[in-house]
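Trainee: Next up is a structure, given as structure tokens.
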Amino acid sequence: MKVAPLSVVTLEYTVTDEHGEVIDSTIGKEPLVYLHGTRYLVSGLEAELEGRAVGEAFEVTLAPAQAYGEYDETLVQEVPGELFDGMEVSEGDTFVAETDDGHRPVTVVEVSEEFVKVDGNHPLAGVTLRFKVEIQDVRAATAEELAHGHVHGDEGCGHDHGHDHDHDDHQHGGCCGGAGHGHDHGHDHGAEKGHGGCCGGGGCGGKGHQH
């Protein structure tokens with residue numbers, strides 16, 4: 001069986017930046033298992049996987065437009081500190097904020113007495129990524145997985161290595177893994193504190209606490 005829309009794919013991968021620094025990898029960890037065609041991966045990687053078979057290994061370099069997009073300076077904003085309603089925040093904290101365009105992950109880049117500066121760009125926006133991938137398994141999705149839109153069982157949900165942080169829905173995820181790999185432990189007042197990952201996007205299973 002080849003990789004096709006709505007097939008369940010198991011991958012081993014390593015992703016590096018343009019300088020060769022490893023950003024994320026499944027080597028020595030659980031492989032990535034995802035439902036193909038659901039925008040779980042960054043668009044360029046999903047396109048490269050389409051039609052490939054078990055056992056195939058390849059490397060691909062993705063420009064920002066095929067991964068997390070170009071860096072957008074307009075997504076860096078100063079927010080009045082009182083909007084955090086007394087919540088303790090520090091540089092590097094990540095939140096999922098409610099905006100006019102829906103939920104958007106933002107990272108705190110500066111904290112002062114008057115304001116909190118946040119960056120709505122994905123941490124890998126503007127970065128060229130190189131993926132080394134091996135396809136370990138491809139199978140048909142179950143009816144339940146198709147109905148829910150994600151993989152079930154020990155192999156699925158919860159191993160968010162390599163999801164897409166979709167730039168339309170702007171979900172927080174990992175790095176093609178993963179978003180910290182999708183475990184959002186935090187608070188929010190319209191902003192849900194969490195972690196980010198890299199290969200893509202909307203994994204199932206962040207655990208957040210909203211105030």
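The values are calculated or read from the model by the stated rules, or taken from the named source; none is laboratory data. As the structure is a prediction and not an experimental result, all values here were calculated from the model. All Cβ positions, even for glycine, are placed from backbone atoms using ideal geometry, and neighbour counts span all protein chains on display. These area figures cover heavy atoms from the full protein model, side chains too; ligands, DNA and RNA do not enter into them. Shrake-Rupley method; radii C 1.70, N 1.55, O 1.52, S 1.80 Å.
Trainee: Whether any residue in segment 68-88 is in contact with a helix residue (DSSP H, G or I) (Cβ under 6 Å, 6 or more places away or on another chain) and closer than 18 Å to Asn121 by Cα is what I want to check.
Mentor: Yes, the conditions are met somewhere in segment 68-88.
Trainee: Could you please give the count of residues in segment 104-147 that are without any contact (Cβ under 8 Å) to a residue 40 or more places away in the chain and not in a strand (DSSP E or B)?
Mentor: Residues flagged as without any contact (Cβ under 8 Å) to a residue 40 or more places away in the chain and not in a strand (DSSP E or B) within segment 104-147 amount to 7.
Trainee: Also, I was wondering about something else. In segment 35-52, what residues are open to solvent by less than 30 Å² (accessible area, probe 1.4 Å) and hydrophobic (A, V, I, L, M, F, W, C)?
Mentor: If the condition is that a residue be open to solvent by less than 30 Å² (accessible area, probe 1.4 Å) and hydrophobic (A, V, I, L, M, F, W, C), then Leu35, Leu41, Val42, Leu45, Leu49 are the ones that fit.
Trainee: Right, here's the next one. Give the residue that is surrounded by the fewest Cβ atoms within 10 Å (Cβ to Cβ), with candidates limited to residues of segment 100-136 that are β-branched (Val, Ile, Thr) and within 19 Å of the chain's Cα centre (by Cα).
Mentor: Thr128
Trainee: Does His161 satisfy the criteria of being within 10 Å of the chain's Cα centre (by Cα) and at pLDDT 80 or above?
Mentor: no
Trainee: For the condition in contact with an Asp or Glu (Cβ under 6 Å, 6 or more places away or on another chain), under 30 Å from Ile27 (Cα atoms), touching a residue at least 24 places away in the same chain (Cβ under 8 Å) and surrounded by fewer than 18 Cβ atoms within 10 Å (Cβ to Cβ), what is the one hit in Val60, Val96?
Mentor: Val60
Trainee: State whether one or more residues within segment 21-34 are more than 15 Å from Ile135 (Cα to Cα) and buried (at least 18 other Cβ atoms within 10 Å of the Cβ).
Mentor: Within segment 21-34, one or more residues are more than 15 Å from Ile135 (Cα to Cα) and buried (at least 18 other Cβ atoms within 10 Å of the Cβ).
Trainee: Could you check, for segment 72-80, whether at least one of its residues is farther than 25 Å from His148 by Cα, modelled with pLDDT of 90 or more and open to solvent by less than 50 Å² (accessible area, probe 1.4 Å)?
Mentor: yes
Trainee: Of the residues in segment 137-151, how many are modelled with pLDDT of 95 or more and surrounded by 16 or more Cβ atoms within 10 Å (Cβ to Cβ)?
Mentor: 1
Trainee: Sticking with this one: Quick one: count up the residues across segment 78-103 that are of a type in the set (Gly, Ala, Ser) and in a loop (DSSP other than H, G, I, E, B).
Mentor: Matching residues across segment 78-103 total 3.
Trainee: Can you tell me which of Thr38, Thr10, Thr74 is among the polar types (S, T, N, Q) and in a helix (DSSP H, G or I)?
Mentor: None of the others qualify; the one that does is Thr74.
Trainee: Considering only residues of segment 13-35 that are touching a strand residue (DSSP E or B) at 6+ places or on another chain (Cβ under 7 Å) and not in a strand (DSSP E or B), which is farthest from Ala147 (Cα to Cα)?
Mentor: Filtering segment 13-35 for residues that are touching a strand residue (DSSP E or B) at 6+ places or on another chain (Cβ under 7 Å) and not in a strand (DSSP E or B), the one farthest from Ala147 (Cα to Cα) comes out as Asp17.
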